[in-house]
Amino acid sequence: MIRIAAVLWLAVVALAGGYLVQRLHHGLAFRTDLMALLPREQQDPTIQHANDTVTRALSQRVLLLVGGADRARARDAAAELTRQLTATGLVEITTSGFDKDRLQRLGALYFPYRRGLLAEDDRRRLLDGKGGEVALRALSQVFGFVGMADARLVQRDPFLLMPGFFASLPLPLSKLTLDDGMLSMSDGGTTWVLIAGRLTDEPYALDVQRRLIGPLDEAVDRLGPGLEVLRLGAVFFAKAGAEQAMSETSSIGVASTLGTVLLVLVAFRALAPLWLSLLVIGVGVMTALSASLWAFGELHVGALLFGVSLIGVAVDYSLQYCSEIFASDDAPPRNRLRRVLMGITLGTATTVIGYLTLFLAPFPGLHQIAAFSAVGLVAAWLTVVLWLPLLDRSKPPRHGAGMLAAAAGFLALWENPRHHRARVAVLGLLAVIGVAGLIRLHADDDVRRMQSLSAGLVAQQQRIQSLIGSTGGTQFFLIQAPDDETALQREEQLIARLRPLVGQGALSGFQAPAQYVPSAARQRENRALVHAQLDGTLLDEQVRQLGLSQAPAAADDSGPVLTLAEARGAGGPLSFLSMLLLDGTAGETLHVVTLDHATRLDLLAQAAEGLPGVRLVDPAGDFSALLAKYRNRAMLLLALSAALMAPLLAWRYGIKRGLWVMLPPSLAVVLAPAVRALAGGAFTFFDAMALVLVLSVGVDYAVFCAETSGSRKPVTMLAVAMAACTALMSFGLLALSDVLAVRHFGSTMLVGILLAFLLAPLARSGMGSVR
């Protein structure tokens, strides 16, 4: 029967291996954005929709700044890089539209409605009854040192209301000027030329990053010396993050595997236990990867990074089995398995329960980690139970007395009455550490600190911002209204509150649809102001001062006004407004006001107070708040995980003994964050999720100790020590990650596993052996 099951398991493993080979042949799909690891739950679907839309638009931006001392060479290089980006088929260039034709089309759009379109300064003067100042401003522009108006414009717009409105439009890239069809600027003798575009595909897909950045890097290299290319865009940060994660995955996997190999060779001094352990690890990881790709279609590199640490747990079961060769009797393989079967089965069940608990958190990335690890552990257990007794030809070793003596000495610390005072001292010290650490424990849920951004790219971003002005931020105001007109009127109220905040430094600027297309009510009010303050005597005087042959024809202020529908037409000069106008539900209109370099979110939030349908949205802040909520829920998951393990332990040991088995991992769960707090570490969601796994792995060690008795106790303790070492090498290495979320997870696992091992013998206190 066992042989039939072994053959069936071989068939399953072969199918998993074949599927993995097929996926490798066609290319594996990985995601690299941190947000894919974060929760998708959102209490307000409207805000979630706005978040997704704005975040998607921001993540698709691609911006290059080409600089050189030679203007012509910098322009040629920018043209070459533009052609290269276009050739990839992944980028739609947007700076190509900044030409005279576009400006003419913009003028053609606005000019018929010019009497209703006023710059804020002109509008304020007219509201204050200072029409003469508007007339004087126009005269100074016409007769000033640099005249800016041609005769035809002055003839039809003698107060130059249209140029004033043009000048008031928000220009985020305010330091750039149009130079022969290219947006450029000069700084310290260097000419900088802007290339801006929109990525037409997913910026966080590894394949897209490879197809875009590879050819771009080659094109930059071909430019030669004397030119500098700065770049900005989520796709560049994602590529750097993916390379870092893949590098860490490889390094941790190699280090963990080599460490495990070295440990097994040193402990057993034979190749058979080594290749049996590697077989268990290989089958576990391969089956887990195959099943995860089949279930999810793609994997996040973070899930892969966490999954590599599975090596440190999967090897536990083979080590428990192989360590039985150190027993005093020369038992055959089937008897060795029988001795450890209950222990590794309970250990697998409790650990899988801990991993599967992660499914209750609405984190896609954690679901992948849970599936990867649970499948891998079950596969490792099946391999030990079904294959190892059939493949094992190990003979009792001639060494091991020293290791067994050390294991027995460690057990004596917890079991020998002579060491009672030492035990009390150790437990007292741990209690002091726990109390002191818990007092210092503090939470930090800022999602912006959960990822490691490339220092080089951050420096380029800062330099780009200093050269060309603000490049936009992630915070925005969401305007909800029954129609566009109401939304525009609410924006105008908000704009009036935001302008003073720009002067106070709370933000550097903003963009709102109402700045480009005022509400119909505002346009009609402006027309009335122009008629009341500028027409008549002041207009006649302005015509005389300008030397015009006749006044412009009387305006029909009862005509139609400019609408958003007309302004946002596809391919038009204001087509970018579509980014600020979202699709709402039936009977609902959604507008967005984007913010540049917002530094005082408290003042911005106050600006929205009392305005119906207006609220500040801070995606990073919202995610941070959500992480805080799920950090608290993770502690409930921890309690649930313990509650699910308890019936298994009570069934095996009874209620009292089951509580003793739960004591060591429970103490490790309490003490791990306390030790981290004493070292200055904050408590995050990822620390909380690590505690779920500390409990699972710690129960493993406690079960192994509870299952042993008599002369087998040193053998079991030796196996537990080796298991703890492999876990520390895999999970502990995560503490060296440059990604803060991974580092927190790894650090808590490192401390927790060490404590779980040190306290594991407590599971035997007050218990007899379990037969």
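Being of a type outside the set (A, V, I, L, M, F, W, C) and touching a strand residue (DSSP E or B) at 6+ places or on another chain (Cβ under 6 Å) is the filter here; which residues of segment 492-511 pass it? Scanning segment 492-511 gives Ser508, Gly509, Gln511.
Among residues of segment 438-463 that are over 21 Å from Ala672 (Cα atoms), none has a Cβ under 6 angstrom from a residue that is among the small types (Gly, Ala, Ser) and modelled with pLDDT of 85 or more at a sequence gap of 6+ or on a separate chain.
No other residue among Arg338, Arg393, Arg398, Arg421 is outside any helix (DSSP H, G or I) and more than 22 Å from Ala721 (Cβ to Cβ) apart from Arg393.
Scanning segment 713-768 for residues that are among the hydroxyl-bearing types (Ser, Thr, Tyr) and either part of a helix (DSSP H, G or I) or open to solvent by 20 Å² or more (accessible area, probe 1.4 Å) (or both) turns up Thr716, Thr726, Ser730, Ser747, Thr748, Ser765.
For Arg676, state whether it is free of Cβ contacts under 8 Å to residues at least 40 places away in the same chain, in a helix (DSSP H, G or I) and within 30 Å of Ser454 (Cβ to Cβ). Against the criterion (free of Cβ contacts under 8 Å to residues at least 40 places away in the same chain, in a helix (DSSP H, G or I) and within 30 Å of Ser454 (Cβ to Cβ)), Arg676 does not qualify.
Among the residues making up segment 183-216, those that are part of a strand (DSSP E or B), farther than 24 Å from Leu58 by Cβ and open to solvent by 40 Å² or more (accessible area, probe 1.4 Å) are Ser186, Asp187. Here Trp651 passes the criteria (1) open to solvent by 20 Å² or more (accessible area, probe 1.4 Å); (2) within 21 Å of Leu427 (Cα to Cα) except the one numbered (2). Looking only at segment 217-237, residues that are part of a loop (DSSP other than H, G, I, E, B), out of contact with any strand residue (DSSP E or B) (no Cβ under 8 Å at 6 or more places or on another chain) and open to solvent by less than 40 Å² (accessible area, probe 1.4 Å) come to 1 in all.
Just one of the listed residues (Val502, Val530, Val517) is out of contact with any helix residue (DSSP H, G or I) (no Cβ under 7 Å at 6 or more places or on another chain), open to solvent by less than 60 Å² (accessible area, probe 1.4 Å) and β-branched (Val, Ile, Thr), and it is Val502.
Counting only residues that are under 22 Å from Val12 (Cα atoms), part of a helix (DSSP H, G or I) and hydrophobic (A, V, I, L, M, F, W, C), segment 357-389 holds 16 of them. Would a scan of segment 587-605 turn up a residue that is modelled with pLDDT under 85 and more than 22 Å from Asp446 (Cβ to Cβ)? There is at least one residue in segment 587-605 that is modelled with pLDDT under 85 and more than 22 Å from Asp446 (Cβ to Cβ). Against the condition surrounded by 22 or more Cβ atoms within 10 Å (Cβ to Cβ), among the hydrophobic types (A, V, I, L, M, F, W, C) and under 32 Å from the mean Cα position of the chain (by Cα), how does Phe704 come out, does it pass? When the stated conditions are applied, Phe704 does not pass them. Just one of the listed residues (Leu199, Leu232, Leu206) is farther than 21 Å from Gln465 by Cβ and within 21 Å of the chain's Cα centre (by Cα), namely Leu206. A single member of Ala74, Ala50, Ala36, Ala78 is more than 16 Å from Tyr204 (Cα to Cα), buried (at least 18 other Cβ atoms within 10 Å of the Cβ) and modelled with pLDDT under 75, and it is Ala50.
The one condition from (1) β-branched (Val, Ile, Thr); (2) under 31 Å from the mean Cα position of the chain (by Cα); (3) open to solvent by 70 Å² or more (accessible area, probe 1.4 Å) that Val378 does not meet is (3). Taking the conditions (1) surrounded by fewer than 24 Cβ atoms within 10 Å (Cβ to Cβ); (2) in contact (Cβ under 8 Å) with a residue 60 or more places away in the chain; (3) touching a helix residue (DSSP H, G or I) at 6+ places or on another chain (Cβ under 8 Å) in turn, Gly658 satisfies each one other than (2).
Okay, residues lined up against (1) modelled with pLDDT under 90; (2) acidic (Asp, Glu); (3) buried (at least 19 other Cβ atoms within 10 Å of the Cβ):
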| position | (1), (2), (3) |
| --- | --- |
| Ser251 | yes, no, no |
| Leu276 | no, no, yes |
| Phe296 | yes, no, no |
| Val313 | yes, no, yes |
| Phe326 | yes, no, yes |
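Remark: Gly284 falls outside the filter, which requires a residue to be modelled with pLDDT under 85, buried (at least 20 other Cβ atoms within 10 Å of the Cβ) and within 25 Å of Leu695 (Cβ to Cβ).
The values are calculated or read from the model by the stated rules, or taken from the named source; none is laboratory data. Please read all numbers here as calculations on a predicted model, not as lab measurements. Reconstructed Cβ throughout: ideal geometry from the backbone, glycine too, with neighbour counts over all protein chains shown. Surface accessibility is based on the protein's heavy atoms, side chains included, excluding ligands, DNA and RNA. Shrake-Rupley method; radii C 1.70, N 1.55, O 1.52, S 1.80 Å.
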